Amino acid sequence: MNAATKNIDSFLDREYSAGFVTDLESDSLPKGLSEATVRAISAKKHEPAFMLEWRLEAYRHWLTMTPPHWAQVGFPAIDFQDIVYYAAPKQKKDGPRSLDEVDPELLRTYEKLGVPLHERARLAGVVAVDAVFDSVSVGTTFQKQLAEKGIIFCSFSEAVREHPDLVRQYLGSVVPPGDNFYAALNSAVFSDGSFVYIPKGVRCPMELSTYFRINAQDTGQFERTLIIADEGAHVSYLEGCTAPMRDENQLHAAVVELVALKDARIKYSTVQNWYPGDKDGKGGIYNFVTKRGDCRGDRSHISWTQVETGSAITWKYPSVVLRGDDSVGEFYSVALTNNRQQADTGSKMTHMGRNTRSTIISKGISAGHGSNTFRGLVKVTPKAENARNYTQCDSLLIGEQCAAHTFPTIEAGNPSARVEHEATTSRIGEDQLFYAMQRGLSAEDAVSMIVSGFCKEVFKELPMEFAVEAQNLLGVSLEGSIG
Amino acid sequence: MSQVEIWQDQYRVRAQGLPGATLPWLVTLRERAMERFVAMGWPTRRKEDWHHTSLAFLEGQTFKVPMRGAAPPEESLMGRLREGGAGHWLVFVNGWFNAALSQIGSLPEGATVDTMPQALIGHAERVEAHYGSAEDGGSPAALNAALATDGAYVHLARGVAVEAPIHLVFIATIAEGASHVRNLVIAEDGAEATLVEHYLGTSATATLTNAVTRIHAGADSRITHLKLQQEAEQALHLASIDTQQGRGSVFNSHSLSFGARLARNDITTRFAGEHCETLFNGMYHVDGKRHVDHHTVIDHALPHGVSREYYRGILDGSARGVFSGRIKVAPGAVKSDAMQRADSLLLSRQAEADARPELEIYAADVKCAHGATVGQIDDDSLFYLRARGMDEAHARNLLTYAFAAEALARIGVAPLRNRARAALLARLPGGHLLEELTS
């Protein structure tokens, strides 16, 4: 092992910084899942009858399903009876009316994480935040300013109570309750999440953001996000996640649905930094997420950008259904696996309308014993005239024990389709490292620089606030990985 | 009767009459393989490997393993096929060797070209060592292991080079006939040979070909394999070609598929030594309701392997083309260099192309890339030709030919390249016009 390798090794050994636990009393249901659990969750949230019915139907459907096994990931079977399906920080009576009433301990947690929850944090940047702690949303900022423009940005529970018609119309219309095993589970027991509605012709004046945190032990987090951009509306949405360090694995099975009507534009960015487990793969979050956007109207545009550095196992495929004519779908992803992390991620673009376009750019980085898989599907249905897709997925290998896989599928059913896929896999070149170090950079900086360069195409898609965070995260997550 | 029962029945009736039925190892292998087929049945679309190819239409379809010598093809067929070309010819009709149509020329010392039943008598030990096991491949391969009636046996001793191509011709002539053929090629260190597998049919009703070819390429050997599939319209063609490569060996596989209602080719090679090289070159042109599926696996099991893979598909009518290519790089297989391309051309509104280029990599110091495209004939190119006075249909055919020609150019052996070219031109409308233009 040469000096450079050693440096890189130590660089890759840095620790997870969001791994603290907040000591809060929580109000939770006992472990286990049954129809009673579903009813209890619905009751706790004072939901209207249609929601309960919807949940129960999903639950009954879930009972008939078996967990999928096709992904390139390995983990022991999950005991779905050993999970707490609802945990909320204990609240004074009816819960806080404004952020001032939120438990200060909770606010401090978010402060520690660098999430500007308090409205005075306006100075920190113009971002409206909905923070979800374990199972419930604890506060949404800037609601008033947004409401002036007719924008609804609130927790999912609030939306169910205040805007039941919208929820009823769109919930499950992109990801049906029985879509897949984990989406069905989520539909049955989801506890909270964010809801966004941008009215016709409105451009959301600020970035909207949700910050998810799993705190309580043995809890599963099942949040649901629904974003609707009405005709001509524009919105950019950010999502961030962390969890404390624990030896047990925790399940996170979320569903995100995006609906873009005519001429609407949704940009959804994620920086996922759930606890990845320790060096030997003990603990960490199982991140099994269903994300799908529906370009329902003509000329609509949905763009997914994700930076996946956390979680023991990541399993998600943000997808776009290009239904409207001239609609556009995009997917930009950086997925990093270090130590024993496993990621099986990618995107699905379904071309249905005419002149639809999609782009998939995926950058996978495997280090240590990490395993990184890109899995994608580009489907052009027979009626999708002039569909265009460009897919590029590159893998960067660091260290001798890691794995990188690429499994794209193309199904082209229309002769006017033009579909292109390109993929490369290579290691960080010794000559690249040598070149950088010869100019006085440390091995650490050299690797960092090479990795940043490798991910540039994705990072430039991220909003400013996130781009910086993502870059730093990548540095931290890579620590100890070069061999 | 269900599909499984049909084959169980066939097995009961035919097992005693299969070659080598007195060899205990072979009997055990057949029993086990049959059990495996019974347990699995034909593959369904629920199997990841068969996601894009359905055998559901087989339900209700019966096949019989024909008797030896039944329904021989007219003799002129062979003359047309050979076109005076040199080489050694082994002809199998409905899964049985036909001595009258075959002709093996003079071979250098140390080269053996024979049929499997003969080899099971004369070279039983060597066959046993390389025959494969009941567990190899999917359920069609298991059925083949249980029911294989005949096939070719080629053995090349150390350093022996057979210059003229060895042609294996498989003809299906009998309605509802099932041919299970199993070919074995053993090339010792440094040996060289060119093999051609040629499949065709004359029956207008459904036939089944279920073929397995196993190739053992010793260290530093050079094997070129060309497969030409031109079965009849209602044929079901299932085939696998499995190769093991020794250190420093070179294996070139060319697969050209034009016929059959449904053709599925599983082509795999494994680098069992360092510094192996392989070329997988494929091309298919299908129309009507035909379905052609290539599944390839290149397994870089050991370091310093180089692989190149190019597949080109042309789909017309309501045809469907499936390509799935997996490049595997095992842990520790450093300095592996793999490149794969799969391009499809859609000529009609109803045609479909599915592609799955896959990289599965467990080593860091490697260079791997793949690319896949699907598209139609380029309007600019079309315009260019039309501006020069060519009518549209002709211009389209020329551009289609040009797309496929790249695959032809990779076939290094000239007589084989010409044969492949003739087969392609025969498929293209107005091919005879192109003949002059492109020769």
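One line per residue, one yes/no per condition, for (1) in contact with a Lys or Arg (Cβ under 6 Å, 6 or more places away or on another chain); (2) of a type in the set (D, E); (3) at pLDDT 90 or above:
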| site | (1), (2), (3) |
| --- | --- |
| B:Q8 | no, no, yes |
| B:G17 | no, no, no |
| B:R30 | no, no, yes |
| B:M34 | no, no, yes |
| B:E59 | no, yes, no |
| B:P66 | no, no, no |
**Report entry** Residue in the range B:83-96 that is farthest from the chain's Cα centre (by Cα), counting only those that are outside any strand (DSSP E or B) and surrounded by 15 or more Cβ atoms within 10 Å (Cβ to Cβ)
**Finding:** B:G85
Query raised in the report: Could we say that B:T44 is free of Cβ contacts under 8 Å to residues at least 40 places away in the same chain and either crowded, with 18+ Cβ neighbours inside 10 Å or in contact with a Leu (Cβ under 9 Å, 6 or more places away or on another chain) (or both) here?
Result: yes
Query raised in the report: Would you say B:A260 is closer than 24 Å to B:S179 by Cβ and surrounded by 24 or more Cβ atoms within 10 Å (Cβ to Cβ)?
Result: yes
Report task. Determine if the range B:195-218 includes at least one residue that is more than 20 Å from the chain's Cα centre (by Cα) and among the acidic types (D, E). Result -> no
Report summary line: Scanning the range A:374-397 residue by residue, those hydrophobic (A, V, I, L, M, F, W, C) and either surrounded by fewer than 22 Cβ atoms within 10 Å (Cβ to Cβ) or more than 7 Å from chain B (Cβ to nearest Cβ) (or both) turn out to be A:F374, A:L377, A:V378, A:V380, A:A384, A:A387, A:C393, A:L396
Query raised in the report: What tally of residues in the range A:341-372 results from selecting those that are part of a loop (DSSP other than H, G, I, E, B) and under 20 Å from the mean Cα position of the chain (by Cα)?
Result: 4
Query - Residue that is surrounded by the fewest Cβ atoms within 10 Å (Cβ to Cβ) [pool: residues in the range A:399-432 that are of a type outside the set (S, T, N, Q), at the interface with chain B (Cβ under 7 Å from one of its Cβ atoms) and not in a strand (DSSP E or B)] - result: A:E400
Report task. Would you confirm whether any residue within the range B:313-333 is under 21 Å from A:P382 (Cα atoms), of a type outside the set (S, T, N, Q), facing chain A (nearest Cβ under 8 Å) and in contact with a His (Cβ under 6 Å, 6 or more places away or on another chain)? Result -> no
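Let's see how each residue does on (1) in contact with a helix residue (DSSP H, G or I) (Cβ under 6 Å, 6 or more places away or on another chain); (2) free of Cβ contacts under 8 Å to residues at least 40 places away in the same chain:
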residue: A:C393; (1), (2): no, no
residue: A:P408; (1), (2): no, no
residue: A:V419; (1), (2): no, no
residue: A:L433; (1), (2): yes, no
residue: A:Q438; (1), (2): no, yes
Query raised in the report: If you check B:A414, B:A364, which single one turns out to be at pLDDT below 90 and either in contact with an Asp or Glu (Cβ under 7 Å, 6 or more places away or on another chain) or of a type in the set (F, W, Y) (or both)?
Result: B:A364
Report task. Kindly provide the set of residues from the range B:338-351 that are surrounded by fewer than 24 Cβ atoms within 10 Å (Cβ to Cβ) and at the interface with chain A (Cβ under 7 Å from one of its Cβ atoms), ordered by number. Result -> B:L347, B:S348, B:R349
Requested in this report: Looking only at the range B:373-396, decide whether some residue is within 7 Å of chain A (Cβ to nearest Cβ), touching a strand residue (DSSP E or B) at 6+ places or on another chain (Cβ under 9 Å), in contact (Cβ under 8 Å) with a residue 24 or more places away in the chain and surrounded by fewer than 16 Cβ atoms within 10 Å (Cβ to Cβ).
Outcome: no
Requested in this report: Return only the number of the condition from (1) surrounded by fewer than 22 Cβ atoms within 10 Å (Cβ to Cβ); (2) under 20 Å from A:S319 (Cα atoms); (3) more than 12 Å from chain B (Cβ to nearest Cβ) that A:K363 does not satisfy.
Outcome: (1)
Query raised in the report: Restricting attention to the range A:52-71, does a residue exist that is at pLDDT below 85 and either surrounded by 14 or more Cβ atoms within 10 Å (Cβ to Cβ) or over 30 Å from A:F407 (Cα atoms) (or both)?
Result: yes
Requested in this report: Scan B:G138, B:G110, B:G85 and give me the residue that is more than 28 Å from B:R417 (Cα to Cα) and in the same structural domain as B:A235 (by TED's automatic domain parsing).
Outcome: B:G138
**Report entry** Positions within the range B:152-178 being among the small types (G, A, S), closer than 25 Å to B:A71 by Cβ and modelled with pLDDT of 95 or more, in sequence order
**Finding:** B:A152
Query raised in the report: Within the range B:11-59, can you find the residues that are of a type in the set (F, W, Y), closer than 15 Å to B:G138 by Cβ and in a helix (DSSP H, G or I)?
Result: B:F37, B:W50
Query raised in the report: (1) surrounded by 15 or more Cβ atoms within 10 Å (Cβ to Cβ); (2) closer than 17 Å to B:Y131 by Cβ: which one isn't true of B:A21, the others all being true?
Result: (1)
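The values are calculated or read from the model by the stated rules, or taken from the named source; none is laboratory data. Keep in mind the model is a prediction, meaning the values are calculated, not measured. All Cβ positions, glycine included, derive from the backbone under ideal geometry; neighbour counts span all protein chains shown.
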